[in-house]
Amino acid sequence: MSRVEKRHMKISICGKGGSGKSTIVTLLANEFKAKGYRVLVVDSDESNSGLYRMLGFDHSPIPLMELVGGKKGLKEKMAVKFSSGESEPKMEVLTLDKILVKDIPPQHIKESDGLRLVNIGKILHSLEGCACPMGVLSREFLAKLYLDEDEIVIVDMEAGVEHFGRGIETSIDVVLVIVEPSFESLELAIKVKQLAAGAGVKNTWAILNKITSDAIATRLRDGLARRGMEIIGIVHHDPQVFEACLDGRKVDGGVVSEEMKKVADALLSKV
Ligand SMILES: Nc1ncnc2c1ncn2[C@@H]1O[C@H](COP(=O)(O)OP(=O)(O)OP(=O)(O)O)[C@@H](O)[C@H]1O
Ligand SMILES: [Mg+2]
């Protein structure tokens, strides 16, 4: 019997606030896991904290930010680099040149049955300052993260496009932008495509989410196509997903599981 060849890739999930990024991260992680991949989810959203629940963990791992001395420690390192006069500061915030998933200290990674989660860090206090250090850490961590053949990384990004400004996508293989039925979401998707191309990402596709009819899917697909953007999957509005999100429970694809399976298959064949 011929050996089934496996892929490794780093996928970033982005889009407008509330479009369904964390939901799609969770559903896609479940699908790759079901296919026998080892999946690492990277929570790079510094605002929302419920991704661990959606993935079925009882709590979040200790943020990676704590590994580098917390936000304050990292800010100090950034300040030293800037004052040293480097025009393009290379912040060696993580000491290893190459990070393997097994190098991540156990308290900083949650693991259950082939699904793992790391958390970059969260804004917790008023007036604690901006989230730039989180962006630096996300970028460095993802760039240094070395994947084995059967490992897939899925990054849950913050809403909007600021992460492109922070260069987080520089080591990403695929950008998936979640488009819910709204003009704003559609416009943002086009912007994401341009920014991703600027960051050197070759593969950017849209996933339509919360779709309630074929007519709406067609309108969105046409709107994206007119602007030169291709979709890789359609995910319908799923009451089971909605209820799980409402109750803060683990999100398991109800009827959308089959749709997410198709997205996973398409990614494995295209990338
Ligand atoms: N396919 C779906 N079917 C039904 N409800 C959905 C679906 N996708 C998302 N939702 C609903 O949309 C809400 C927002 O989803 P989610 O938290 O995944 O968005 P997000 O883009 O990660 O938001 P944020 O920008 O705040 O991080 C969920 O709480 C859920 O109610
Ligand atoms: Mg989210």
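The values are calculated or read from the model by the stated rules, or taken from the named source; none is laboratory data. Since the structure is predicted, the reported quantities are computational estimates derived from the model, not experimental observations. For neighbour counting, all protein chains shown are included, and Cβ atoms are generated from backbone atoms with ideal geometry for every residue, glycine included.
Overview of values
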{"item": "Pairs, first touching a residue at least 12 places away in the same chain (Cβ under 8 Å) and more than 16 Å from LYS98 (Cα to Cα) in the range 141-160, second among the β-branched types (Val, Ile, Thr) and away from ligand 2 (no atom under 16 Å from the Cβ), C-beta under 7 Å, six or more apart", "result": "ILE152/VAL39; ILE154/VAL39"}
{"item": "Those residues of the range 1-41 which are of a type in the set (Val, Ile, Thr), over 23 Å from GLU180 (Cα atoms) and under 14 Å from the mean Cα position of the chain (by Cα), in sequence order", "result": "VAL39"}
{"item": "Some residue of the range 242-250 being over 30 Å from HIS59 (Cβ atoms), outside any helix (DSSP H, G or I) and not charged (D, E, K, R)", "result": "no"}
{"item": "Among residues of the range 12-67, those that are buried (at least 22 other Cβ atoms within 10 Å of the Cβ), of a type in the set (A, V, I, L, M, F, W, C) and within 16 Å of ligand 2 (Cβ to nearest atom), counted", "result": "12"}
{"item": "Failed item in (1) on the phi > 0 side of the Ramachandran plot; (2) surrounded by 13 or more Cβ atoms within 10 Å (Cβ to Cβ); (3) not hydrophobic (A, V, I, L, M, F, W, C), with GLY248 passing the rest", "result": "(2)"}
{"item": "Positions within the range 11-60 being out of contact with any helix residue (DSSP H, G or I) (no Cβ under 8 Å at 6 or more places or on another chain) and near ligand 1 (Cβ under 9 Å from one of its atoms), in sequence order", "result": "GLY17, GLY18, GLY20, LYS21, SER47"}
{"item": "Qualifying positions in the range 182-206 - within 15 Å of ligand 1 (Cβ to nearest atom) and surrounded by fewer than 19 Cβ atoms within 10 Å (Cβ to Cβ)", "result": "SER182, GLU184"}
{"item": "Hey, GLY160 surrounded by fewer than 17 Cβ atoms within 10 Å (Cβ to Cβ), within 16 Å of ligand 1 (Cβ to nearest atom) and at pLDDT below 95 or not", "result": "yes"}
{"item": "Of all residues making up the range 15-52, the number that are among the β-branched types (Val, Ile, Thr) and farther than 21 Å from GLY254 by Cβ", "result": "1"}
